[in-house]
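First the structure, in the form of structure tokens, and then the observations on it.
The numbers here are math on the coordinates, done by the rules we state, and not lab data. Here the structure is a predicted model, which means the values were calculated and not measured. Virtual Cβ from ideal backbone geometry, glycine too; neighbours counted across all protein chains shown.
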Amino acid sequence: MEVVRDRPYARPLPELDPTSEPFWRAAGRGELLVQRCPACGERQFYPRPVCTACGGTPEWEVASGLGVVHTFTIVRQYGAEPFRSELPYAVAIVELDEGVRMLGNLTDCAPDEVRIGLEVEAYAVAAEGGIGIPFWRPRRSGAK
Ligand SMILES: [Zn+2]
């Protein structure tokens, strides 16, 4: 996953806790992590301390960063900065090739061109403290 370092990240930062911190730190290095349970094989996102299928202890796995838009909305009104100056923007739930779904902003695509089923790839924007914030964009040539 590409890490964009020349785009200032002005939005509120995620609150790190022991369960989620590895996800944000890995995104800062260009790795999109999901959890996989070694006991039953289930994957899950968002990060949790236990497997929601069997109660086992999940491990981190680097995901492909590829997925498709499962559903989305276009945000056209927002009163507060910095979101206000980004209007209109797309927020999507992306189904990863690994089967889990992630919520994120979809960029590099006109709002009217966003579709369910659109093939997307993850990238990260470097933020304060060495973490990365994952975003989504339409796949570029070369990604399958
Ligand atoms: Zn499990």
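Miscellaneous remarks
- Rounded to the nearest 20, the Cβ-based charge dipole of segment 1-57 about its Cα centre (Lys and Arg +1, Asp and Glu -1) stands at 80 debye.
- Around C54: net Lys/Arg minus Asp/Glu count, Cβ-Cβ under 14 Å: +1
- What separates the Cα centres of segment 20-57 and segment 69-90 is a distance of 28 Å.
- Prolate/oblate/rounded label for the chain (Cα gyration tensor, a/c 1.5): prolate
- Zone of R48's modelled label, taken as backbone nitrogen in segment 104-144 under 20 Å from a point 7 Å along Cα→Cβ: 104
- Top positive-direction residue, dipole computed over the chain with Cβ charges, set P12, G79, A122: G79
- Computed magnitude of the charge dipole of segment 1-119 (debye, nearest 20; Cβ of K, R +1, Cβ of D, E -1): 240
- Potential extension, R29-D108 segment - 0.36 nm per residue separation minus Cα distance: 26.3 nm
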